[in-house]
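To start, the structure under review is shown below, and the notes come after it.
Coordinate-derived values only; no laboratory data. Just so it is clear, the model here is predicted, and its values are computed rather than measured. Don't worry about glycine lacking a Cβ; one is built from the backbone with ideal geometry, like all the others, and counts go over all protein chains shown.
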Amino acid sequence: MTAAKTYLHNFPGAPYLLADLNHARPDRVANLLGQKRADIFAWMSSVSGVQRCGLARPADPRNSHIFRFGIFAKHLKPLAIAMENVPLAASTRQFRHFVRMIEREGYTWTAGILNAALRGSSQCRQRLVYIAIRNDLKIVPEIPSPSHGGQRRYFSYATSLYRTVEDARIEMLGEAPATQRMHKHVPYKEDRLGKNDIPTVGEVIDGLPRIGSPKADRLNHRAWAHTRRQLRRMRFVPEGGRWSGGFEHYSNSYGRLHRRGLAKTITTYFGNPGSGRFWHPKANRALTLREAARIQGFPDSFQFVPPYSHAADLVGNALDATIAAVVYRVIRDCLD
């Protein structure tokens, strides 16, 4: 419900259908469209049985959502189909079945594992992107090469040194071995770097009004209610460092960001220091909802509705705007 309220608050009057994908029927969507044609059909979700560390639950029934998406696509027969998911979904039988299903319906497709930082985000977020174009348009979709990379030096959380992405790509971009192996399952390989410099965390989150001011409140720029224990743990952690006890947890937990570094993947738990490297570079607090939203590419004009803990779920689950822009560009070029 929070997603629906937030969307309609920002886009009042837009047609919106709130339904359970397991029970929704394609004809309901068709009825919502009326006489209009579905030019683009997009699905942005995760395969629940796939985690960053591997194929955890390949038989998870929620993974069947990808089949449901395929059924809707078959019924609506749009000009273009787009899907994003976690990188490890590329190796699943669900994804392979979906690809074959859409091919049989008369579509030509491409797919790749994209890193948001190489597209202009300050965040090293990697996603599987799939784009298909109907064959009667007689055009093959092509994912463009990265626009960002550059020769700028960034703070490395692994070594506390300043390094270029070219010199230490895996270290700087957080490309895990499991994700690297997914490239063999998709036709597009993101093996180049762009010329533009990647924006830093400081450049993206700086300039917001003082927390507690009316302007900050209007921007949803509020500090989370941290426990005394959390504040005590993180108080003396240096910029770019980690709480000493955090090394007993997984990588980047209880970590502080660096203004001249890149952000790790923003998750739904960015308000909790134990869930990742989400602590502000200088202030003794986690990223605010607006700071995390900026890293994900939300404009400041986009408003969130309470409860803000649910709004954090929307921000953490969102597709980074730079990757969304790549998908839009590919489809636009094919349909123009």
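Using R₀ = 30 Å, calculate the FRET efficiency as 1/(1 + (r/R₀)^6) where r is the Cβ-Cβ separation of D206 and L161; round to 0.05.
So the FRET efficiency works out to roughly 0.85.
How about K74: which lysines have a C-alpha closer than 23 Å to its C-alpha, ignoring those fewer than 8 places off in the same chain?
K36, K138
Can you sort K189, K264 from fewest to most other Cβ atoms within 10 Å of each residue's own Cβ?
The fewest-first ordering by Cβ neighbours comes to K189, K264.
Among A24, A73, A293, which one shows the highest mean-square fluctuation when the chain is modelled as a Gaussian network with alpha-carbon springs under 10 Å?
A24
Where nothing but the Cβ of Lys and Arg (+1) and of Asp and Glu (-1) is charged, how large is the charge dipole of the chain around its Cα centre, in debye to the nearest 20?
Its charge dipole is roughly 740 debye.
Looking only at the chain, where both bridge partners belong to it, what percent of the DSSP beta bridges are antiparallel (to the nearest 5)?
Here the antiparallel bridges make up roughly 70 percent for the chain.
Averaging sequence separations of C-alpha pairs under 8 Å and six or more residues apart, then dividing by the length of the stretch 201-317, give the relative contact order as a whole percent.
Once divided by the residue count of the stretch 201-317, the mean separation gives 27 percent.
Of L173, L257, L219, which is the most mobile in a GNM of the chain whose springs link Cα atoms less than 10 angstrom apart?
L219
Could you pull out every residue, at least 5 positions away or on a different chain, whose amide H is within less than 5 Å of the one on F41? Hs are placed 1.01 Å off N in the peptide plane, and Pro or chain starts have none.
Excluding prolines and chain starts, which carry no amide H, the hits are A80, I81, A82.
Quick one, which of (1) 34, 24, 19; (2) 37, 21, 20; (3) 35, 30, 16 is the actual semi-axes √(5λ) of the Cα gyration tensor in Å calculated for this model?
(1)
Quickly work out the K138-to-R192 label distance, labels modelled 7 Å from Cα along the C-beta direction, and quote it in nm with one decimal.
In this crude label model, R192 to K138 measures out at 2.8 nm.
Pick from F236, F270, F304: which is most flexible by mean-square fluctuation in a GNM of the chain where alpha carbon atoms under 10 Å apart are linked?
Result for the chain, Cα springs under 10 Å: F236 fluctuates most.
For E190, which sequence-distant residues (separation of 5 or more, or a different chain) have an amide H within less than 5 Å of its own amide H, given hydrogens modelled in the peptide plane?
Under 5 Å from the amide H of E190 lie the amide H atoms of I113, each far enough along the sequence or on another chain.
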